[in-house]
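Heads up: the structure comes next, in structure tokens.
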Amino acid sequence: MTDLRLPAAPRPADTGPPADTGVPADPPRPAVPVERVALRPTPPTRSPRVTEIIGAARRLLEDEGVGSLTMRRLGEVLGIRAPSLYKHLPGKHAVEAALVETALWEAGDALHRVVDGAGPGDVVGRLLAEYRRYALAHPNLYRLTAVDPLGREGLTAGLEDWSGEPFYRATGEPYTAQALWAAAHGAVVLELANRFLPGSDLDRTWAALAAAFTAP
């Protein structure tokens, strides 16, 4: 769902120097799926009124698109004057940051659960299926989170790392994880934009993507 700043792969135990066979050894890769590394951040405490405003903003975003997400339109939906919103949230950027955080927590929880229950042979496929499901179920929220600039300065510390970690857990290698996320993101964006050729079997496309990142 987001740019990934992943932890380095765990270092293997020191078992002494390898035998010199004259052939460069491949770097060791941990068994996948790997255990959780990043701690789940604690969501900020919000007043009931702020929670109500964020809920209304989410409905507005999903129903009318990101262009409708203005303080004036939000005030109309809530039945209050836009200046009153500033008593609870400092502006549109704060509303958007709260929505992005909502998506990162929801998607992160869902993806971590998938990896927790998967094995090496099916973890990538199950991860991609859940990523696709969430994005297609919340297209405008996904676009706000993963297409528009992220606005990291407004996010809860550690949330981005934690929400992206399932891709690392599924692959066991940070740059492979980034490549997998980039491929999944690209496929989702193309699907949301209806850019695949008419008649394409997208389930097969996603299955091929999973196979490409699954070790034989």
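The values are calculated or read from the model by the stated rules, or taken from the named source; none is laboratory data. Source: prediction; values computed, not measured. Reconstructed Cβ throughout: ideal geometry from the backbone, glycine too, with neighbour counts over all protein chains shown. Calculation scope for accessible area: heavy atoms of the full protein, side chains included, ligands and nucleic acids excluded. Shrake-Rupley method; radii C 1.70, N 1.55, O 1.52, S 1.80 Å.
Just a few scattered comments:
- Residue check, Tyr86 of a type in the set (Ser, Thr, Tyr) and at pLDDT 95 or above: no
- Near pairs, Cβ below 7 angstrom, 6+ apart or cross-chain, from region 165-189 (within 20 Å of Tyr142 (Cβ to Cβ)) to any residue that is buried (at least 18 other Cβ atoms within 10 Å of the Cβ) and of a type in the set (S, T, N, Q): Ala177/Thr171; Leu180/Thr171
- Of everything in region 162-188 that is open to solvent by 50 Å² or more (accessible area, probe 1.4 Å) and within 14 Å of the chain's Cα centre (by Cα), the residue that is farthest from Tyr131 (Cα to Cα) is Gln178.
- In region 190-216, the residues that are open to solvent by less than 70 Å² (accessible area, probe 1.4 Å), part of a loop (DSSP other than H, G, I, E, B) and without any contact (Cβ under 8 Å) to a residue 40 or more places away in the chain: Ala193, Phe196, Ser200
Yes or no, residue by residue, for (1) open to solvent by 20 Å² or more (accessible area, probe 1.4 Å); (2) among the acidic types (Asp, Glu):
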position	(1), (2)
Ala82	yes, no
Pro90	yes, no
Ala98	no, no
Thr102	yes, no
Asp109	yes, yes
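- Of all residues in region 116-157 being over 22 Å from Pro43 (Cα atoms) and of a type in the set (Val, Ile, Thr), the one that is surrounded by the fewest Cβ atoms within 10 Å (Cβ to Cβ): Val147
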